[in-house]
Amino acid sequence: MMKTIFILVISLACCFLTAQDYESFLIGDPADVSPTPTYGLCLMGGATEDDNAMTWLLSRANGGDVVVLRTSGSDGYNDYMFNQLNVSLNSVETLVINNANGATANYVKNRVSEAELIWLAGGDQWNYVDFFKDSALENILNDHINQKQAPIGGTSAGMAILSNHYFDAENGTVTSAEALNNPFNSKVSLGHDDFLDLPYMQNTITDTHHDNPDRKGRHSVFLARIAQQVGGHALGIAADEFTAICIDENGMASVYGEYPNFNDFAYFIRSNCENPSFLPEDLNAGNPLTWNRNQQAIKVYKVPGTSGGNNTFNLSDWKSGSGGSWENWWIENGNLNENSGNPINCTLSTSDHQAENINIFPNPATNVIHLQSDRPIEEIAIFDLQGKIVHQQSKVINNRLNISFLSDGMYLLQLKTDNQQKVFRLIKK
């Protein structure tokens, strides 16, 4: 009898621990339906959701099933999405993922793969990266976007990871002052093209809460780092707290908010492609950033968000928009400056907008990593997290790179071809 009780207790404990890997909250019909969705990406600045933008996004599920992914909180989105916006849906299910095991639980994988729309809530973006990246769930999310061509969106931390480059907050958040005074501060922890693959988001990094607290300075640092380490003209998309940016399948971004009653703006930010010497003048560990370029280092199209989403910016060319105004931003000795500017007069090159296929494996690695590229790799550089080069070479034999000499830890691995650079976060163990 005691043996039976002991086995029962152990079984219940195992079930309890498994259940804590994730939690599910569902409203609507639990049975899966399979309407054809329409792709769209909706990015929200981090405060209360914009109802009109959310309606735009939910309508693209075409009456299907919505899955809300979050790593904290509860079911606050369920009733809002299912009942309050007058959009017909089959169900809304919130999955609270508590750890990496929860992200790869069979139930979670099945429900996410069946969804016609995925929403990423706010919270801590490092949890999303830590739990989802390099897992089956990452593959499911990318299939949802690129194979199923279904809509996806997020707010705050959810918006932060919805670009091909991203601020992962592994070492906590970073203020504009901290980033501007040392662009290689350990808190400026960036992921480069190794997580979610979204249309029109190549070479792009998002940021949220742009007005409160001020994030313009740190976002500019993110772009400077990407421009130097990855190559090409870095791009940024940002939103004020109550602003939403909805991007359709053709790359047209519509901005929602309550302007002119409130100052709700979106920002489309890029290094100045009119200047062939566009890289920062001083981007070094421990030094304040200088990125001046004749006071036009960064070109910004600032767009007020309206209830109808009437003001737009075209991500297919990154130069045409309506309802907004151009600004010049530049940074001198760690100080961000802003002024009115003229429309940009250049178009993205292929390398700016669509990176070629470059990859590495395995990662993490112990002694050797293998390199894959559509073009011959002409130069390799390995940086530590303070931006110091610890290894550099120009010749690769059999696409194999020996890293046995590195100490265990995280590095940035930069690979260059004749027309492209790409940076990976490399883990040596």
Does residue 75 fit the bill of being out of contact with any Lys or Arg (no Cβ under 6 Å at 6 or more places or on another chain) and either among the aliphatic types (A, V, I, L, M) or closer than 23 Å to residue 425 by Cβ (or both)?
no
Could you grab me the full set of residues in the range 292-312 that are assigned to a loop (DSSP other than H, G, I, E, B) and surrounded by fewer than 22 Cβ atoms within 10 Å (Cβ to Cβ)?
292, 293, 294, 295, 296, 307, 308, 309, 310
Looking at 61, 103, 115 in this structure, which one is modelled with pLDDT of 95 or more, among the small types (Gly, Ala, Ser) and within 20 Å of the chain's Cα centre (by Cα)?
103
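This table checks each residue for (1) at pLDDT 95 or above; (2) surrounded by fewer than 21 Cβ atoms within 10 Å (Cβ to Cβ); (3) assigned by TED's automatic domain parsing to the domain that holds residue 246; (4) within 25 Å of residue 289 (Cα to Cα).
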{"position": "132", "(1), (2), (3), (4)": "yes, no, yes, no"}
{"position": "141", "(1), (2), (3), (4)": "yes, no, yes, no"}
{"position": "175", "(1), (2), (3), (4)": "yes, yes, yes, yes"}
{"position": "180", "(1), (2), (3), (4)": "yes, no, yes, yes"}
May I ask you to verify whether residue 280 is assigned to a loop (DSSP other than H, G, I, E, B) and surrounded by fewer than 19 Cβ atoms within 10 Å (Cβ to Cβ)?
no
Name the residues in the range 313-329 that are in a strand (DSSP E or B), surrounded by fewer than 22 Cβ atoms within 10 Å (Cβ to Cβ) and more than 20 Å from the chain's Cα centre (by Cα), would you?
322, 325, 326, 327, 328
Out of all the residues in the range 55-64, is one or more buried (at least 24 other Cβ atoms within 10 Å of the Cβ) and touching a helix residue (DSSP H, G or I) at 6+ places or on another chain (Cβ under 7 Å)?
yes
Residues of the range 26-53 satisfying the condition of being within 20 Å of residue 144 (Cβ to Cβ) and among the hydrophobic types (A, V, I, L, M, F, W, C)
26, 31, 33, 41, 42, 43, 44, 53
Within the range 345-356, is there a residue that is surrounded by 13 or more Cβ atoms within 10 Å (Cβ to Cβ), at pLDDT below 90 and of a type in the set (Gly, Ala, Ser)?
yes
Before we move on, is residue 169 surrounded by fewer than 19 Cβ atoms within 10 Å (Cβ to Cβ) and closer than 20 Å to residue 236 by Cα?
no
Restricting to the range 171-188, and then to whatever is touching a residue at least 60 places away in the same chain (Cβ under 8 Å) and part of a loop (DSSP other than H, G, I, E, B), can you tell me which residue is farthest from residue 41 (Cα to Cα)?
182
Those residues of the range 150-160 which are part of a loop (DSSP other than H, G, I, E, B) and buried (at least 24 other Cβ atoms within 10 Å of the Cβ) amount to 151
For the range 55-73, which positions are part of a strand (DSSP E or B) and closer than 11 Å to residue 22 by Cα?
69, 70
Only one of 269, 344 is in contact with a His (Cβ under 8 Å, 6 or more places away or on another chain) and in the same structural domain as residue 188 (by TED's automatic domain parsing). Can you tell me which?
269
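The values are calculated or read from the model by the stated rules, or taken from the named source; none is laboratory data. Since we're looking at a predicted model, the values are computed, not measured. Quick reminder, even Gly has a Cβ in these numbers, built from the backbone with ideal geometry, and neighbours come from all protein chains shown.
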